[in-house]
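A quick write-up on the structure given underneath.
Read-outs: derived from the displayed coordinates by stated rules, not from any lab. These figures come from a predicted structure and were not determined experimentally. Note that we place each Cβ from the backbone using ideal geometry, even for glycine, and neighbour counts take in every protein chain shown.
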Amino acid sequence: MPSRRRRRISGPTTRAAAHAAGLGDRHLRDPLVHRLSRDTYLPRALADDVGARVAAVLLTAPPSAVVSHRTAAELWGLQLPLQDGADRRVDLTVPGPTRAESRRDRLVHRLPLHDDEVTHRWGQPVTSPSRTWRDLAAVLEPAALLAATDQVLAGLCTVPDLERQLTRRPTGRGAARARVVLPTADVRSESPMESVLRWLLHQARVPAPVVQHEIRDAGGFVARVDLAWPEHRLVVEFDGDVHRDRDVFVSDLRRQNRLVAAGWTVLRFTSADVLGRPGEVIAAVRAALR
């Protein structure tokens, strides 16, 4: 006789839908099933897939619910730094009166929504990039918000789009933070942690650097550097994890040698410096600028 295959869920589902499909509670307790809340489930292989988590939560959300805040940022492909330990529930904005409540798999925000602030991403209702940015201003620290701002301005929306969001919602959580961060944004920034480093220097009132500055010597192009103060011939680089790879490390050393030979001072920092020793980072940059 052919072996009987164990039945299990194949995608986002609810308890009621699983029962209707002939699956009992014992199937929902299968180790290969991930329980999001009391009645939303996913195959465990999809537990970290944001699209699958959103689809499961929306199965039991009010029809007016729209994905927003951090979850919308994730759907738009934004990388939010400094979010270790952040709430991983699906953010939903529900306009108007509703009985919907936050629970294990969702965080419900009751905020008004305009028609032009709602669109679709991967087939799911989601706040527009500019509205997502305004919502993020209420839940992110300035450094992380600057990283998000740099990214949304690099193709998703424009400065006037963000300014209209502040005009539309000029008060409330995040309004003051958004006004402070927006003038510091720079679409040339190439990594979230580079944005965090830039905010650290901005807070310390270090003169603003040139972002992604191109340097040439007598032999031609030398490098495009993260941050530069050309009049001081100072370069500041943020080294992420990729710089640990041997080929990248070797290339970095050769590049740095050419910069030094061309008369530039080069300072390189990692996340351990920016997050763990910010005072020393600021002091090193200030000393080099003097």
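A compact table of results
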read-out: Alpha-carbon Rg with Dmax, taken over region 143-290, Å; value: 16.8, 54
read-out: Per principal axis, descending, Cα span of the chain in whole Å; value: 75, 57, 32
read-out: Amide H contacts under 5 Å for residue 268, placed H, 5+ residues apart; value: 237
read-out: Net +/- balance of residues flanking residue 280 in space, Cβ distance below 14 Å, scoring K and R +1, D and E -1; value: +2
read-out: Zone of residue 204's modelled label, taken as backbone nitrogen in region 71-93 under 20 Å from a point 7 Å along Cα→Cβ; value: 82
read-out: Mean separation of Cα contacts under 8 Å (6+ apart) over length of region 135-225, as relative contact order %; value: 32
read-out: Largest-first principal axis extents, alpha carbons of region 1-123, Å; value: 59, 33, 24
read-out: Estimated D of region 62-187 in µm² per second, where Rh is the Kirkwood radius over Cα pairs and Stokes-Einstein applies at 10 °C, 1.306 mPa s; value: 109
read-out: DSSP beta bridges in the chain [antiparallel fraction, %, rounded to 5]; value: 70
read-out: Computed [θ] at 222 nm, helices only, for the chain once each DSSP H run of length n ≥ 4 contributes -39500 (n - 2.57); value: -10500 deg cm²/dmol
read-out: Whole-number percent relative contact order across region 53-160, with pairs defined as alpha carbons under 8 Å at least 6 apart; value: 30
read-out: 3J(HN,Hα) from dihedral phi, region 14-19, Karplus parametrisation 6.51/-1.76/1.60, rounded to Hz, x for glycine, proline; value: 10, 4, 4, 5, 5, 4
read-out: Neighbourhood charge, 13 Å Cβ-Cβ cut-off, centred on residue 169 and excluding it, Lys, Arg +1 and Asp, Glu -1; value: +4
read-out: Ordering of 134-147, 167-180 by burial proxy (mean other Cβ atoms within 10 Å per residue, highest first); value: 134-147, 167-180
